[in-house]
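Okay, structure first, notes after.
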Amino acid sequence: MEVFLFVLFIVSILLIAIFGTLSVVNRKNKRKLKISVSLTILSVVVFLITFFLIGNYSTETHYSYSSDKKIDSKIDKAADDAIKNDTESNKAESQSREYAEDKSSRQDEEESKKEESQSRQNKQLESENASASARDASESRSREAESSESHANQQVNVPIEYKSALKSAKKYLEFMPFSKRGLYDQLTSEYGGQFSGEASTYAVEHLNVNYNDNALQAAKTYQKEMSMSPAAIHDQLTSDYGGKFTQSEADYAIANLSK
C-alpha cells in the first residue's frame, strides 16, 4: 500500500509538471488551454489526497511498528534459545547435505561433459557423411553430364541453339540439383537462359540425369541449411515456387532423408 501511494504521489507530481507545461504552451488555444488547466487541477487534487494518505499511513505504520517490535523481540529471544539448542544437530545435517550436493554436482558435470563430447562426435560424423554424399552426387552428375555431352556430340544436324541450351543445362546442374521442370523454366526464363521452348525441351530430354537424386540433394540442403521438417521439405520440393519436383521424386527424397 505504501509503495502504491508513493508511486501515485510521484506520478501526480509528474502530471502537474506535464499539464502545467502544456497549459503554458497552449495558452493561445483556448480549447487546449482549458483541457490542460483542468487536467492540471485534477493532478493537484490527486497530489494533495496522496500526500494526506501517505502522512496518515506513516503514522499508523509507526504505531504498529512499535507494538510489533516488542512482540518480535520476545519471539526472537525464544527463537534464539531454540536455535542454540539445535546448533550442533543442524551443523552436522548441513555438512551432510553439502557433501551430497557437491557429489551430485560433480556427477552432473561429468555427465554433461560426456553428452557434450558425444554431441560433437555426432555432429562431426553427420558433417562428414553429408560432405561424402555431396561429393558422390557431384561426381555422379558430372559423369552423367559427360555421358550426355558425348551422346549429343554424336548427333548431326542439331541447331546451334539446341546445343547451346543443352550446354547451359549441364552448367546449371553443376551448381544446383534442379528438377526437370525447374531446369526447363530456368532455360526459358528471361532472367535465365532465354532459350526457346523447343531448344529447352531438347536440352532437358537429352540429359542423363537422375532427378530422384537431385530431389534428395535438394532435401538435404533444406534440412541442413534451413532446419525444415520432412513435411515442409516435401512441400518445398513440389512447390511451384520451390524445387518443382514431381510427387514421386519428393517422396523418394523424404524416404531416403536422414532422420
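Per-residue SASA remark: Y184, around 70 Å² accessible (1.4 Å probe; ligands, DNA and RNA not included). For the chain, complete DSSP H runs whose alpha carbons reach 20 Å or more along their own long axis and whose mean Kyte-Doolittle score is -1.0 or higher are 2-25, 160-175. By a 1.4 Å probe calculation restricted to protein chains, K84 has an accessible surface near 150 Å², given to the nearest 10.
How many angstrom lie between the C-alpha centres of the stretch 162-196 and the stretch 206-259? Distance between centres, Cα-based: 19 Å. Out of every Cα-Cα pair that the chain contains, those further apart than 25 angstrom amount to 72 percent. For the stretch 162-211, the solvent-accessible area of protein heavy atoms averages 54 Å² per residue (probe radius 1.4 Å; ligands and nucleic acids excluded).
Rolling a 1.4 Å probe over the protein heavy atoms of the chain, with every protein chain left in place, gives an accessible area that is 55 percent carbon and sulfur. Counting only protein chain heavy atoms and rolling a 1.4 Å probe, the accessible areas of F47, F6 rank, largest first, as F6, F47. Counted over the stretch 186-245 with a bin width of 5 Å, the fraction of Cα pairs per bin, in whole percents, is 4, 17, 19, 20, 18, 13, 7, 1.
The values are calculated or read from the model by the stated rules, or taken from the named source; none is laboratory data. Just so it is clear, the model here is predicted, and its values are computed rather than measured. To get the accessible areas, we keep the full protein, side chains included, count just its heavy atoms, and leave off ligands, DNA and RNA. Shrake-Rupley method; radii C 1.70, N 1.55, O 1.52, S 1.80 Å.
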